[in-house]
Structure formats: C-alpha cells, structure tokens
1. Just to verify a result, which residue in segment 65-75, among those that are of a type outside the set (Gly, Ala, Ser) and open to solvent by less than 90 Å² (accessible area, probe 1.4 Å), is modelled with the highest pLDDT?
2. What number of residues in segment 7-56 are part of a loop (DSSP other than H, G, I, E, B) and open to solvent by less than 80 Å² (accessible area, probe 1.4 Å)?
3. In segment 80-98, how many are at pLDDT 90 or above and assigned to a loop (DSSP other than H, G, I, E, B)?
4. Going through segment 76-89 one residue at a time, which ones are open to solvent by 30 Å² or more (accessible area, probe 1.4 Å) and either touching a Lys or Arg at 6+ places or on another chain (Cβ under 8 Å) or of a type in the set (A, V, I, L, M) (or both)?
Amino acid sequence: MALVTTGVVVLDCVEPEKLADFYKELLEADHVDASANRVEIRTADGFRLALRRDVNATAPSWPRPENSLQAHLEFMADDLDGVERKIVSLGGRPTESGDSSSSTEERGYADPAGHSFTVRRGTPTAPKQG
C-alpha cells in the first residue's frame with residue numbers, strides 16, 4: 001500500500017476565492033473543499049488544485065532572470081484560440097506566445113493573481129530555452 005495516496009498543486013495568493021473561481025471556470029472544475037484560508041477544486045479527470053491565502057503573496061515576475069520561473073501549471077488543449085478567449089474573459093492575461101508553426105504550439109499566460117501557466121497543443125520534446 002502506498003504511503004502517499006494523492007497530491008494537490010497549491011498556489012499561494014491574496015484572494016483564494018477569486019483565484020479558485022478563475023481556475024474553476026477555466027478547467028470546468030468543481031469546488032471540493034473550502035475554508036477561510038484555502039479553496040480546493042477538482043477537475044473531472046481528478047486533477048486537484050488548491051489556492052491558499054497568503055496575505056503577503058506577490059506575483060512572480062517571470063520571465064525576468066533575477067526571479068526566474070521555478071514551477072508553473074501546464075494545460076493541454078486543442079483549441080488554443082478558444083482557450084485564450086476564455087482566459088482573458090476570466091481575468092487572465094497573455095504573457096507570451098509560442099511558435100504557431102510547431103506541432104507543440106504553446107502560449108504563456110498569467111492568472112489574475114500573476115501565477116504563470118502554459119497552454120499547449122502537443123507534447124514538448126525539447127528542454128526549455130532561456
């Protein structure tokens with residue numbers, strides 16, 4: 001029997017309720033747990049994401065080299081334009097766009113609290129450059 005039975009990705013932010021709503025809508029997820037300082041959602045395929053209150057949280061400044069990205073969320077999608085429209089309508093913003101001629105097209109975004117995430121089509125095969 002496994003000692004660790006599941007995992008949850010946790011993002012710190014000032015307003016977990018608002019950020020949970022962003023990801024709940026983007027991922028078509030359900031709220032599964034909430035307290036005064038933490039909200040957790042789960043997608044239909046079982047992906048779990050928790051948003052934890054940190055009154056001193058500041059948005060990452062990636063891609064600045066002095067505060068480089070060390071972790072981010074990555075989502076797969078077929079309709080990148082449709083996903084981008086939804087992200088922007090929910091309060092997220094584009095941060096970069098990938099090479100649309102590539103079979104692994106990807107686009108970078110920031111959620112309303114500034115956490116970076118990537119939406120990609122295809123599976124990456126090369127290491128991150130820069």
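The values are calculated or read from the model by the stated rules, or taken from the named source; none is laboratory data. From a predicted model like this one, the values you see are computed outputs, not experimental measurements. Here Cβ is always computed from backbone atoms with ideal geometry, including for glycine, and neighbour counts include all displayed protein chains. Heads up: the accessible areas ignore ligands, DNA and RNA and are worked out on the full protein's heavy atoms, side chains in. Shrake-Rupley method; radii C 1.70, N 1.55, O 1.52, S 1.80 Å.
1. The first filter runs over segment 65-75 and keeps only residues of a type outside the set (Gly, Ala, Ser), leaving 65-67, 69-70, 72-75.
Filter again for open to solvent by less than 90 Å² (accessible area, probe 1.4 Å), leaving 67, 69, 72-75.
Details: 67: 55, 69: 54, 72: 73, 73: 86, 74: 84, 75: 91.
Out of the qualifying residues, it is 75.
2. Final tally of qualifying residues: 10.
3. Quick first cut of segment 80-98, residues at pLDDT 90 or above only: 80-94.
If we keep only those that are assigned to a loop (DSSP other than H, G, I, E, B) as well, we get 90-92.
The total comes to 3.
4. In the first step, residues of segment 76-89 are kept if they are open to solvent by 30 Å² or more (accessible area, probe 1.4 Å); the result is 76, 78-79, 81, 83-86, 88-89.
Selection gives 76, 78, 83, 84, 88.
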